[in-house]
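Working notes, beginning with the structure itself.
Each value in this text was obtained by applying a stated rule to the coordinates, not by laboratory testing. Computed from a predicted structure; not experimentally measured.
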Amino acid sequence: MTKIEDLDPSLSALAAALEKLPGVVIVSAGKIDPDSWWIAFQLDRDPAGRLSEDGWLSLEFITWLVNHDASNDPVALIMDSLPPYLNNPGSTLEFLLKGWDGFDPDELARWIAQIRDEVGFFRGESGDPFYDFGLN
């Protein structure tokens, strides 16, 4: 996988914010042109090779954030895959965040960090996931 320090510096804050979410692994990132960018990530796998529950919960969070909280901004979450029959089936699914029209990836990084810190994603003593909305 890709090291954050190897990415375009304008995408490093977003990559770091994404990697702080449980189960998210940055694959690659780049600039399409000066006003457009993309960052690809995959979800961690558990010891049995299945996509991790933490990764699915983080993907759920990212999907909500992009499709609802940032729905008026020029940013999208897209799934992509290489042809599985030509590669290693079960390992080619990637998720891409794409921004265009000058949308600042640092703004998305701030939203991810702010909501993650305000809401909080935790696992209880039983190991079950929950979000802490400060209602306890």
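Miscellaneous remarks
- The stretch 4-131: C-alpha gyration tensor shape, a/c 1.5 cut-off, then a/b vs b/c: oblate
- Shape analysis of the stretch 15-76 places it in the oblate category; the axes a ≥ b ≥ c from the Cα gyration tensor give an a/c of at least 1.5, with a/b not above b/c.
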